[in-house]
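Undergrad: Sharing a structure here in structure tokens format.
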Amino acid sequence: MVGVAGKSNACKTCKKRKVKCDGQKPVCERCTKGGHVCYGYDRKVQFRHLSALDHDNLLARSQPQTSLTELSRLLYGPFAPLESTGGDGRHLPAEGVESVDPIGLTGSRSLASFPFRQDPDKTTPPGETVSWIQAVASWRGKYASLNLAMSALSMICLSRTGGDERHQSEGAIKYGQVLRDLQDTLAIDSLALEEQTLASCMTLTIFEVMAPSGGDVSGWSRHVQGISRLFELRGPELHVSGLAHRLFLGFRSSAVRIFNLHPFMYAIHALALRKPTYLADPDWLVIPFTVEPKTNFHALIDIMLQIPAFVDQTDRLDWALQSEISALTRPELLVRGMELHQQLKDWYGSLGSKSKDPFYVEKRSSLAVPNRIPASLESVFPVFLHFQSFEVARMHLFYWTALVTVSYNILKVAGSDLDVRKCSDGTMLPEADVAALRKEALDIAILIARSMEFLLSEERFLLSEEMHIRGVLNTLYPLHTAIHVFSSLQEAEKEAWCRAVFDGLAQRGYPFGQILSRAEWDDMPALLAGKAPAWEV
């Protein structure tokens, strides 16, 4: 009881507020209803040797075994505490720092900066799908780690729109708090693989895109790889419906980008790292979609998830000794590349047959892209593409990026290259086919560049910070791909225009793309693995 001598069993928030606690666990219902963050209950701290974790208790079925200590290090790396903690490991705001809770903020500026608003009528245009960022809004205030992660990201958003460095500092402090809180969570069998843990970690990946730690992208890459391990440990059966399915869809699209490197969170991450991914296994392609069928977009992701294995095999040809390469290896890889190229073309043909209207039209625009392009480059792309919707634009960017990635690697297998200066004397493809692939890559890179105005202009998504974030996330890898094509084909002005877009994003507070653009194409996997040098931005 409050005010009575003796040990109280109330949660720490109710103790501090000196009110009666209902004792509900893991979070107090009174705190939840009152809009307060429940920081949990005092408990006896007990050391646990996580390298000896009993995986039979953690998982009811067979899964890849990994130490949660290892997983914690993969996700967060070494971390020095910045603030005080409660007896249960839950973190409290640091003393002397003005704590601003964006959930309680009012006013148009703060509202626009809060990406977790549960307001689909205003944040989701007609015909668009609800993103996982919007979906987790229903959990606002229920879980300490997730609430801290939401607050950290929202503080960064506020610093972007308001220019107040205090918000950025507050966001960094909350980021540190949630890192330590999640490390504690990963030590608890019953919480390590919970949906709220996934949601918290995924929120931190967005934070790393908006405010990269240490001036490089290794923090973001560690988060993505750690999240990948969490999904893998949970298994495909746990992502069939509800919020878990929504989180999986968001992760799956990101993952494809990285594994081909370059990102789409995990698919893009797979493209970027150019390594095969378990998401291409049959169970992961089928089971999560037994309740909710695949959309056209995720049918495309199915094809994209096959590309990293092809890219990985192609890269091996570069360093393997000629004596180690089978006489059949190159022809087989060439056939595989052509098959993937045709699968992508067939997917797009099928998509077009389902639509009565054109996916996009050409328009001149006076909108900033995303900041004003230097006057000397304004005439490079005088018209831009205006899409039916954000989802249609995103599908096209993924499709175009995948097609260029496959074409580039087909040329490599054939002994050629986008860059004529790097070509060998002999090639397995007729010169006409090589020229056609180069032209296709150039045409696609131009389409990618001309999509930037639609996805990145601040004026287009007024009062929707979530759409600003999604626009940035979905253009980073495609635009980097376009830069590679323009550089290879000596299209200097077009390359400079794309780099100016990344510079504009950095000026607006999104330096992630600028960091990527400073890396050579072939250095990208090392950069994402944290092995490449960092640059000041």
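Undergrad: From THR290, THR277, THR295, grab the single residue that is buried (at least 20 other Cβ atoms within 10 Å of the Cβ) and either at pLDDT 70 or above or closer than 20 Å to SER131 by Cα (or both).
TA: THR277
Undergrad: State all residues of the stretch 162-201 that are surrounded by fewer than 23 Cβ atoms within 10 Å (Cβ to Cβ) and basic (Lys, Arg); if no residue qualifies, say none.
TA: Matches in the stretch 162-201: ARG166, ARG180.
Undergrad: Separate question: Can you find, within the stretch 481-520, the residue that is surrounded by the most Cβ atoms within 10 Å (Cβ to Cβ) among those that are among the aliphatic types (A, V, I, L, M) and over 22 Å from the mean Cα position of the chain (by Cα)?
TA: VAL485
Undergrad: Related question: So VAL335 ticks every box in (1) crowded, with 19+ Cβ neighbours inside 10 Å; (2) modelled with pLDDT of 90 or more; (3) among the β-branched types (Val, Ile, Thr) but one. Which box is left unticked?
TA: (1)
The values are calculated or read from the model by the stated rules, or taken from the named source; none is laboratory data. Quantities reported herein were computed from a predicted structural model and do not represent experimental measurements. Glycine gets a Cβ as well: all are built from the backbone with ideal geometry, and neighbour counts include every protein chain shown.
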